[in-house]
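The block underneath contains the structure these notes are about, expressed in structure tokens.
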Amino acid sequence: MLKILLNLAIRNMNENNMKNIFKNIMVHGDTVIISLLLAAVIIVPLFFDIRLYSVFDLSKVTVLYLLTIAILVVWSIMFTLNFHFTCSHTSIDIPILAYIGVFIISSILSINPMMSLFGAYKRFEGLTATVCYIFLFYTTVNFVTTKKRFYFLLISIIAGAAISSCYGIAQHIGFDMFKWSSFEARRVFSTFGNPVFFSTYLVMTLPLAVVLFLGNSFERKESPPVRGPYIVWFFLRYP
């Protein structure tokens, strides 16, 4: 009888230890994924490698692939260790699945499947890049689930835009450590290599800066939290 009780106690201890290990892995995995997501929104817009012929596009898409794969690996480990782990859904899941399905079919039937898969040279906006964007979207939906994480994401995006803007201003006034073969001070391209891409990035980031500013203003006035204002829902819907 005593032996049976000891075996039960040891089994309970082992089960508790395993639960604690799984819990720690889930907590740390969650932190790692958030860190990789924040790294993606900061590093991808800012990174470029002058040693490459395609200085900006290939540099950014490579970083995008590496960070997305890293998130996928960590998420897969978490999903494997926790059988009750669930993924959040959105109201646009069906349109997204339809879009990616049509993209896959068109890539398979394309006259140049490799170009459809990886994109044209100096753009690289093929199926793989699109899948990375969609995967990062669902990463945001599933892991940016608290107000603190939402603020971190906003601040990271705005910080990347601010750094890129500072470099653009330096380019405009003539302070640039790099000697570009083609450059006009009136059309700065900063870390994007293209003034159109740079301006589009800033235009997309501006509403987020407004959201962050208004959210802080509402909190200082003891108004409802950041989830309340309709402008937040309009610019960036999060769970």
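The values are calculated or read from the model by the stated rules, or taken from the named source; none is laboratory data. The structure presented is a predicted model; accordingly, all values stated were derived computationally and were not measured. We place every Cβ from the backbone using ideal geometry, glycine too, and count neighbours over all the protein chains shown.
The table that follows gives values for the structure above.
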| quantity | calculated |
| --- | --- |
| Breaking point among (1) assigned by TED's automatic domain parsing to the domain that holds Ile104; (2) buried (at least 17 other Cβ atoms within 10 Å of the Cβ); (3) over 18 Å from Ala39 (Cα atoms), for Thr130 | (2) |
| Check on Ile50, in contact (Cβ under 8 Å) with a residue 24 or more places away in the chain, surrounded by fewer than 15 Cβ atoms within 10 Å (Cβ to Cβ) and more than 22 Å from Asn194 (Cβ to Cβ) | no |
| Selection status of Ala161, at pLDDT 90 or above, surrounded by 17 or more Cβ atoms within 10 Å (Cβ to Cβ) and assigned by TED's automatic domain parsing to the domain that holds Leu38 | no |
| Residues of the stretch 188-230 that turn out to be modelled with pLDDT under 85 and either closer than 18 Å to Ile50 by Cα or charged (D, E, K, R) (or both), as a count | 5 |
| Selection from the stretch 62-89 of residues that are over 23 Å from Ile42 (Cβ atoms), of a type in the set (S, T, N, Q) and without any contact (Cβ under 8 Å) to a residue 60 or more places away in the chain | Ser76, Thr80, Thr86 |
| Residues (surrounded by 14 or more Cβ atoms within 10 Å (Cβ to Cβ) and either closer than 27 Å to Ser88 by Cβ or of a type in the set (D, E, K, R) (or both)) located in the stretch 164-186 | Asp176 |
| Meets criteria (out of contact with any strand residue (DSSP E or B) (no Cβ under 9 Å at 6 or more places or on another chain), surrounded by 13 or more Cβ atoms within 10 Å (Cβ to Cβ) and within 16 Å of Thr139 (Cα to Cα)) for Tyr99 | no |
| Residues (touching a residue at least 60 places away in the same chain (Cβ under 8 Å) and more than 21 Å from the chain's Cα centre (by Cα)) located in the stretch 101-143 | Tyr121, Lys122 |
